[in-house]
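None of the figures in this text is laboratory data; all of them are computed from the coordinates on show. Because the structure is predicted, anything quoted here is derived from the model rather than measured. Note: ideal-geometry Cβ built from the backbone for every residue, glycine included; neighbour counts use all protein chains shown.
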2 protein chains.
Amino acid sequence: MKSTINAKDVAKLAGVSQSSVSRVYFKGAKVSEKTRRKVLAAAEELGYRPNEFARSLITNRTKIIGLVMKGVQNPFYPQVLTQFTAAFKKYGYSVLFVHTNNDEIETEDVETLLNYNVAGVVITDATMSLNVAESFRANHIPLVFFNRKLSSSDFYSVCCNNLNAGRAIAEYLLKQGLTDMAYISGNENTSTSLEREKGFSEVLAQHNLEYHKHASDYTYGGGYATALDIIEAGELPSAFFVANDIMALGVLDALQKKGVAVPEQVKVIGFDNIEMASWPGYELTTWEQPIEKMVEETVKYLLSEMAGYTGSAQSVEVEGTFIKRKTT
Amino acid sequence: MKSTINAKDVAKLAGVSQSSVSRVYFKGAKVSEKTRRKVLAAAEELGYRPNEFARSLITNRTKIIGLVMKGVQNPFYPQVLTQFTAAFKKYGYSVLFVHTNNDEIETEDVETLLNYNVAGVVITDATMSLNVAESFRANHIPLVFFNRKLSSSDFYSVCCNNLNAGRAIAEYLLKQGLTDMAYISGNENTSTSLEREKGFSEVLAQHNLEYHKHASDYTYGGGYATALDIIEAGELPSAFFVANDIMALGVLDALQKKGVAVPEQVKVIGFDNIEMASWPGYELTTWEQPIEKMVEETVKYLLSEMAGYTGSAQSVEVEGTFIKRKTT
DNA sequence: TTCACTTTTGCATACGTATTCAAAATATGA
DNA sequence: TCATATTTTGAATACGTATGCAAAAGTGAA
């Protein structure tokens, strides 16, 4: 008893050659309508399914995208994950999921992606050493850094325009007549946190304003602890710009715990517009990252590179939108 | 210029046969230490990596696990996802991620899994028609339904012992001297919601107590709306057992909005012990699902089935733990 | 050294598909 | 109808690896 039935079996039953069977399943190949029907009928009867590995072996191409994620704990990422899988599925690509805890993607995982000869790679929120990135380039595997802006312009990256966002938020707070602000940063080696602060500080500097900066880590606990420290040190500003929503929720909870009224005494602005930001318990004013557009840009680039590799690099920045709720 | 270098190239440089190169990379094959060193040196020099597709083609086995998820929006699932990828990575398996929105996994996705000849499949929170499941069995692909208890005992399933959990929660509330309770269910066609309620109602029935049941949908919004309805209808019980944490958070926010004191006026118990349950703003009493153990059981079964397929079925239920916080 | 035995190696082949090339079938035009 | 152009088909081969088998190399005892 054969465990798997192959194109040859189908060919025999349909009374055609294996080549014809192959052509029926290979998009773009020419087959007459008659043989196509014969083949499909035979395939149906036998329960035939083309072996993806044999296909990849001979074409040297796969329909697999490597998706590397870091810190799926932040509710921002499940959204990104589902959007990517949905988008790739639309074009017939499957997702090989890799999770890393380190900032830098582990070589073991890179090996995996290369062994599977993935058609493309998306790296969210993590970085990789330049020589590792080069090994993808050497294999003509297109690569996108998602939610990261690269200092070197050798690779493609897609993120929200964090600089403009920081500026807009500063201007919004200034318009409220506030002058005494604080920035609570995420991990300080991330481009996202740095750019958001850069835009923010730029505008404040134009108005000759200083601001306090408190380093945190993009987690709820981090935001909570940082805010608590600030309150207890008696350094409460009139507004917080917090580098992401999940930290901002921590800040709000700390403020509530200490009996600080929001937005009356302090205003709080987050970043991402995660689902929780709209919960009645929080109603957080924030900056929406245009995930759909970011995903779209990423997929668009990957598809074009997979069709014909150029290795072109660019830093794409998509504009987000201010979402006013009740914490400002 | 060759784009990919293969075992033959390495063999030539190392002065051995292609077979020897293969044996160096095939775990379990015998090679002398001398040739191993020669091969590894040559491989290093050329940057050789075995082609996973050629391997799978000939062995008819893969190192890929299909992971099907539904509703990644619930913060419970990112935890599950990371734990699975970590566990599988430990044994050299990669994860092909599939996301479905429907309760029932789409045939398109099943096709994908079969085409890639995955070594095993984990299905979280979704079901599949029996004949689809059978097609996995026909291909000797082991299958685990995670966080689902199956009525038919034809397939392996792993979940928390929801029945016992429901009982324990009822008993806990009874001990507090409460008699007027309500259950807020998740999607009513899920075994998780049904079993939790079953255990709960069983114990209450033993004490000749009735309870109110309110159907909801396992989302924050659902919990919020349901609680609001209850309050406005003036049907406030003395305790809520809510079928999962994310809904319970919605309930808490609704209660807070309406000025109902927790736990003084109403007690609330959730289910899952997601990270947010411990946030200072909520401090939700809940039932912890032993994710590590559940994942461990799943992986253990899959590994043994992948080593030698038996198709054995079992319904594994792991005991969870009660987590007392401040909402009771 | 010789012989028997064990370990290691290389050769040849198979896995299931895509693809080239020439042959066959079909369509087109006069 | 025939000759020519076009489309469709089948045979053969290649992709990169694992593996059965026989030959070769190594091991140890007498």
Each label point is 7 Å from the Cα along the Cα-to-Cβ direction; what then is the distance between the points at A:A205 and B:L209, in nm? 6.4
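Among the listed pairs B:K213/B:K293; A:K257/B:K70; A:K38/B:K63; A:K257/B:K258; B:K149/B:K198; A:K267/B:K324, which have their C-alpha atoms separated by more than 25 angstrom in this model? Mind showing how you got there, number by number?
Working: B:K213/B:K293 31 Å; A:K257/B:K70 35 Å; A:K38/B:K63 35 Å; A:K257/B:K258 19 Å; B:K149/B:K198 13 Å; A:K267/B:K324 33 Å.
Going by Cα-Cα distance, B:K213/B:K293; A:K257/B:K70; A:K38/B:K63; A:K267/B:K324 fall outside the 25 Å limit.
Filter the GluC sites (Glu not before Pro) in the range B:192-233 to those in DSSP coil with at most 11 other Cβ atoms within 10 Å of their Cβ, and list the result. List each step's numbers first, then the result.
Numbers: sites: B:E195, B:E197, B:E202, B:E210, B:E232; in loops: B:E210.
Answer in residue order: B:E210.
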Rough spin-label spacing in nm, given labels placed 7 Å along Cα→Cβ, for A:T107 and A:E292: 4.3
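How big is the charge dipole of the protein assembly as shown about its Cα centre, in debye rounded to the nearest 20, if each Lys and Arg gets +1 on its Cβ and each Asp and Glu gets -1 on its Cβ?
Numbers: 66 positive and 76 negative charges, 688 e Å.
Using Cβ point charges on Lys, Arg, Asp and Glu, the protein assembly as shown gives about 3300 debye.
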Inter-probe distance in nm under a simple model that places probes 7 Å from Cα toward Cβ, at A:A86 and B:K30: 5.6
The range B:80-124 and the range A:1-66 have their Cα centres apart by a whole-number Å value of 24
Which semi-axes, in whole Å and largest first, does the equivalent ellipsoid of the protein assembly as shown have when worked out from the alpha carbon gyration tensor as the square roots of 5 times its eigenvalues? 46, 35, 21
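When 1/r is averaged over all different Cα pairs and the result inverted, which Kirkwood radius in Å belongs to chain B?
On the way: mean 1/r = 0.0447 Å⁻¹.
22.4 Å is the Kirkwood radius here.
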With a Cα-only, solvent-free Debye model of the range B:7-50, what are the log10 I(q)/I(0) values at q = 0.14, 0.17, 0.23, 0.30 Å⁻¹? -0.23, -0.34, -0.64, -1.10
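Using only C-alpha atoms and all pairs of different ones, pull out the Kirkwood radius for the range A:12-131 in Å with one decimal. Walk me through the intermediate numbers first.
On the way: mean 1/r = 0.0590 Å⁻¹.
About 17.0 Å, per the Kirkwood formula over Cα pairs.
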In nm, what does the list of distances from A:H212 to its counterparts in the other copies look like, shortest first, when each label sits 7 Å along Cα to Cβ? 4.6
List, largest first, the extents of the alpha carbons of the range A:162-288 along their principal axes, each in whole Å. 35, 26, 25
Per-residue mean of C-beta atoms belonging to partner chains within 10 Å, peptide A:108-117: 4
Teacher prompt: A:E235 distances to equivalent labels in other copies, 7 Å Cα→Cβ, nm: 5.2
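If you place +1 on the Cβ of every Lys and Arg and -1 on the Cβ of every Asp and Glu, how big does the dipole about the Cα centre of chain B come out, in debye to the nearest 20? It would help to have the intermediate numbers written out before the result.
On the way: 33 positive and 38 negative charges, 480 e Å.
Computed about the Cα centre, the dipole is about 2300 debye.
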Dividing the alpha-carbon radius of gyration of the range B:145-196 by 2.2 N^0.38 Å (N being the number of residues), what value is obtained? 1.35
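Roughly how many debye, to the nearest 20, is the charge dipole of the range B:162-288 about its Cα centre, given +1 on each Lys and Arg Cβ, -1 on each Asp and Glu Cβ, and no other charges?
Working: 8 positive and 18 negative charges, 38 e Å.
For this selection, approximately 180 debye.
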Whole angstrom only: what separates the Cα centroid of the range B:263-328 from the Cα centroid of the range B:205-246? 21
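If you stretched the chain out fully between A:T59 and A:K300, how much longer would it get, using 0.36 nm times the residue separation minus the C-alpha to C-alpha distance? List each step's numbers first, then the result.
Working: separation 241, 0.36 × 241 = 86.76 nm, distance 2.22 nm.
Extra length from A:T59 to A:K300 when fully extended: 84.5 nm.
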For chain B, the charge dipole (Cβ of Lys, Arg +1; Cβ of Asp, Glu -1; about the Cα centre) points to a positive end, and the Cα of B:F26, B:F136, B:A277 closest to that extreme belongs to B:F26
Set the Förster distance to 60 Å, then compute FRET efficiency between B:E232 and A:S151 from the Cβ-Cβ distance, nearest 0.05. 0.60
Position B:N60, label points 7 Å along Cα→Cβ, spacing to each other copy in nm (shortest first, one decimal): 2.9
A:W287 long-range amide H proximity, modeled H, under 5 Å: A:G270, A:F271, A:D272, A:N273, A:I323
Scale the Cα Rg of the range B:216-292 by the rule-of-thumb value 2.2 N^0.38 Å and send over the ratio, two decimals. 1.02
